Amino acid sequence: MIKEEVTDELNNSLIYIRNLANCPPSYLNDPGRKEFFEVVWLKNEYPLHAIKDEGQPQKGHWIYLLPPYRVHQLNKAGKKGVLLSFKRDLLDEEAKEFSLDVFKI
């Protein structure tokens, strides 16, 4: 039942803000997420990824910009930080291509 509630919430929202520590797994697995830009801000956490040969990762503040329609199964659940998701419809038509470019960097 929770999955349906999250799906309805996503379908009816342009923006979704959630504390990562309380982010339901049903959101992280929801197919409706693909339509959202996501900004993940980790606070005093280890990074969600590691670079080979860079040694032990350090705790810090990390920001991830994830464009829509990308596979992003980074394990964000239970982390300290904030998830901000928003649909393309929230952006001005002229800003959409620029925003996509920024999120691809």
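If we scan the stretch 60-76, do we find a residue that is at pLDDT below 70, assigned to a helix (DSSP H, G or I) and either open to solvent by less than 70 Å² (accessible area, probe 1.4 Å) or among the basic types (Lys, Arg) (or both)?
no
Could you please tell me which pairs satisfy a Cβ distance under 8 Å, a separation of 6+ or placement on different chains, a first residue in the stretch 22-40 that is open to solvent by less than 20 Å² (accessible area, probe 1.4 Å), and a second residue that is modelled with pLDDT under 80 and aromatic (Phe, Trp, Tyr)?
Filtered contacts from the stretch 22-40: Arg33/Tyr27; Phe37/Phe103.
The values are calculated or read from the model by the stated rules, or taken from the named source; none is laboratory data. Quick caveat: nothing in here was measured; it's all calculated off a predicted structure. Note: ideal-geometry Cβ built from the backbone for every residue, glycine included; neighbour counts use all protein chains shown. Quick note on the areas: whole protein, heavy atoms, side chains included, nothing else; ligands and nucleic acids left out. Shrake-Rupley method; radii C 1.70, N 1.55, O 1.52, S 1.80 Å.
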